[in-house]
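Some notes on the structure that comes next.
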Amino acid sequence: MNLTTPTLELLHNERMNRHTSWRVGGPADLFFKPTSIESLQDFLQSLAEETPLLWVGLGSNLLVRDGGVRSAVICTLNLPSAVERVDELQVHVGAGVPCTVFARQCVRWKLGPAAFFAGIPGTVGGALAMNAGAFGGETWEHVARVETIDRAGVRRSRTPQEFQVGYRSVSGAAAEWFLGANFAFAGDQEADMSDIKAMLRKRGAAQPVGKLSCGSVFRNPPGQFAAQLIEQAGLKGATSGDAIVSEKHANFIINRGSATAADIESLIEIVRRRVEESSGTKLQLEVRIVGETAARTVGHAAADSDGARAR
């Protein structure tokens, strides 16, 4: 593989704070941003079998520790990004396409319900990997087929029946990652860009849009809301270093500008402990935490973010 080709990008010791929505994170040993499936296959085949992989898209839903990751990071954002109509009601989209872009195109084609994807801050690959949702809709409700790739570069087409899908969780097809998917919708002549605008206004009114965050930090416990539990514990405005629990939406932690990953992780643990003490509920993470502290290895470098592992 010719890694000097101008259309490819292979970086060494690339700081992950450039590639996460929290803008924190230490260096990755290797950072690769393929521009084609073929270059991705070549790269995967060139790696030693023991090299851990971390897949990222927009870097939302991801906290990279300050010590960075001893792995090869694959960023999907430069992979083919076409949103293509397969037939009257099915659409194919690549893993690296932002969910908002996907939503807008489906609405232009009068397909629905698809507008809710505009409320998901990551890429389609990340949405597939965690069954992301917004405004009452969930990703896998509409999946007709997915395309995956394994670390040998082998591509496969799989059906939803080959996966176990739950609330913010997807498992199956171990050691494969999502390249794209076909989504099936219904025709919706009432679909309009005003639907997306209304959803985004609602999101902006309730969430700290435009701040450095990862989206929701914790999953909602069954029958409860994480934000409500955090607020009831008196944690709005709680801080650790330059990280703060949002005053607008308590399930968001904001980097006010100079927070470290350690600040954010410390605040996450403070919130979990205080909520459990006050309500008896132990909050489960929605955000993925990967990498090493500045001082020691903690064994999470092989986890995946919104780069779409097909677990």
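The values are calculated or read from the model by the stated rules, or taken from the named source; none is laboratory data. Every value quoted in this text rests on a predicted model; they were computed, and no experiment measured them. Every residue, glycine among them, receives a Cβ derived from its backbone with ideal geometry; neighbour counts consider all protein chains shown.
Quick rundown of the values:
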quantity	calculated
Unmet criterion (only one of (1) touching a helix residue (DSSP H, G or I) at 6+ places or on another chain (Cβ under 9 Å); (2) surrounded by fewer than 16 Cβ atoms within 10 Å (Cβ to Cβ)) for residue 174	(1)
Residue in segment 90-111 that is nearest to residue 79 (Cα to Cα), counting only those that are under 21 Å from the mean Cα position of the chain (by Cα) and part of a loop (DSSP other than H, G, I, E, B)	96
Criterion: farther than 19 Å from residue 61 by Cβ and crowded, with 17+ Cβ neighbours inside 10 Å - qualifying residue of 185, 218	185
Conditions (1) surrounded by fewer than 21 Cβ atoms within 10 Å (Cβ to Cβ); (2) at pLDDT 95 or above: number failed by residue 275	(1)
Count of residues meeting criterion [part of a strand (DSSP E or B) and not small (Gly, Ala, Ser)] in segment 223-262	6
Boolean, residue 136 is over 16 Å from residue 91 (Cα atoms), crowded, with 18+ Cβ neighbours inside 10 Å and either outside the structural domain of residue 228 (by TED's automatic domain parsing) or modelled with pLDDT of 95 or more (or both)	no
Looking only at segment 15-31, and only at residues there that are surrounded by fewer than 22 Cβ atoms within 10 Å (Cβ to Cβ) and on the phi < 0 side of the Ramachandran plot, the one that is nearest to the chain's Cα centre (by Cα)	21
Number of the exception - residue 57 against (1) surrounded by 24 or more Cβ atoms within 10 Å (Cβ to Cβ); (2) on the phi > 0 side of the Ramachandran plot	(2)
